[in-house]
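Below: one structure, written as structure tokens.
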Amino acid sequence: MSGKILVVDYQSPSAGKDLVQSLTHTGFAILKSVPVEQVLIDEVYTHWKAFFHSNQKFHYPFNPTTMDGFASTAVSEVAKGYDKKDLKEFFHYLEAGRCPDGLRGITSKFVQQLNPIAQQLLQWIENGLPADILNGLSEPLTGMITGSNNSKLRLIHYPPLTGDEPEGALRAAAHEDINLITLLPAATAEGLQVLSAECAWLDVGSDPGSIIINAGDMLAECTNGFIKSTTHRVVNPVGAAAREGRMSMPFFVHPRSEVRLSSRHTAQSYREERYNENGLVTNKMTVS
Ligand SMILES: O=C(O)CCC(=O)C(=O)O
Ligand SMILES: [Fe+2]
């Protein structure tokens with residue numbers, strides 16, 4: 001256990017059952033022994049860190065239609081219900097989207113290692129659904145992402161704090177993810193917290209090699225709330241740690257656009273509603 005969040009061994013015969021138990025209790029799980037090369041993770045971090053420290057990033061302004069590219073700290077997200085922008089800059093990598101030439105090879109290789117893991121996790125989740133919820137799905141969860149070109153790897157850089165941050169602004173304000181599930185390889189520093197059922201913020205560790213899994217709103221929507229999406233945030237470091245940047249790279253697993261999630265929503269209508277709320281589409285995308 002890490003706090004109250006279960007550590008699930010991906011190679012264990014009970015991994016599927018353990019994952020569903022953890023997701024239904026906390027909305028989060030920490031996976032270990034996942035078949036992703038640690039050297040590749042390290043390499044992706046190193047190369048993208050250099051990108052965020054170069055002016056090259058300004059050549060890829062965020063495109064609110066395709067949702068790819070670089071969003072600076074000036075245009076970053078405002079979490080639902082907040083009025084302060086998150087203290088972060090990020091790049092959305094989609095397999096069919098823009099990417100600096102020198103980064104495409106390793107980033108695509110990484111995404112290709114994450115995709116089959118996402119398939120396996122969705123299969124395990126599906127195996128753990130009660131019959132009435134399973135029968136209510138418009139198609140199997142694994143099928144929902146087959147052929148999808150909507151999944152995104154979000155490379156995030158949280159710059160060191162300067163002390164001039166607006167009062168109350170956080171690295172990432174409390175939010176739920178929009179997509180089906182998120183695979184979050186260990187970040188380069190602490191700071192991630194999840195809101196427990198008892199409304200307490202629990203630290204989620206960032207042991208290298210582990211991948212944090214959380215359920216998103218689309219999974220809650222299509223399982224009629226059987227699996228809940230979980231509120232999480234990234235808090236600001238204090239003391240010496242405040243002078244260090246932090247990097248993370250959540251992989252947001254999205255269905256094909258036409259997939260029906262519920263009687264109310266397709267994946268596309270759901271996404272449009274939520275993106276309009278978080279300011280990514282409505283912000284004027286001027287990059288400072
Ligand atoms: O940086 C992190 O650890 C989490 C980021 C996150 O939750 C998000 O971008 O949705
Ligand atoms: Fe998130």
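Points worth noting:
- Calculated log₁₀ intensity ratio I(q)/I(0) where the Debye formula runs over C-alpha points of region 20-98, q = 0.15, 0.17, 0.18 Å⁻¹: -0.80, -0.95, -0.99
- Alpha-carbon Rg/Rh ratio, for region 1-151, with Rh computed the Kirkwood way: 1.01
- To the nearest ten degrees, helix 38-52 and the longest principal axis of the Cα atoms of the chain are 40 degrees apart.
- Counted by neighbouring Cβ atoms within 10 Å, the residues W124, W201, W48 run from fewest to most as W201, W124, W48.
- Straight-distance crosslink candidates among aspartates and glutamates, where the alpha carbon sits under 13 Å from K228 and sequence neighbours closer than 8 are dropped: E176, D177, D217
- With contacts taken as Cα pairs under 8 Å at a separation of at least 6 residues, the chain carries a relative contact order of 25 percent.
- For S229, distant residues with modelled amide H under 5 Å away: A220
- Cα-based helix-to-principal-axis angle, 15-26 vs the chain, degrees rounded to 10: 70
- In region 69-176, lysine pairs with alpha-carbon atoms under 22 angstrom apart (chain gap of 8 or more, or interchain): 5
- Radius ratio Rg over Rh of region 57-130, counting only Cα atoms, Kirkwood formula for Rh: 1.10
- Rg/Rg_globular for region 73-228, with Rg_globular taken as 2.2 N^0.38 Å and Rg from C-alpha atoms: 1.15
- Magnitude of the charge dipole for region 123-214, about its Cα centre and with charges confined to Cβ atoms of Lys, Arg (+1) and Asp, Glu (-1), is about 340 debye.
- Between region 36-71 and region 127-150, the Cα center-to-center distance that results, in Å: 31
- Between E37 and E190, the modelled labels are 3.2 nm apart [label points 7 Å from Cα along Cα→Cβ].
- Ordering H25, H59 from the fewest to the most neighbouring beta carbons within 10 Å gives H59, H25.
- Prolate/oblate/rounded label for the chain (Cα gyration tensor, a/c 1.5): rounded
- In plain terms, the residue of S229, S263, S54, S151 with the fewest other Cβ atoms within 10 Å comes first and the most crowded comes last, giving S263, S54, S151, S229.
No value in this document is a laboratory result; all are computed from the given coordinates. If you're wondering where the values come from, they're calculated on a predicted model, not measured in any experiment. Here Cβ is always computed from backbone atoms with ideal geometry, including for glycine, and neighbour counts include all displayed protein chains.
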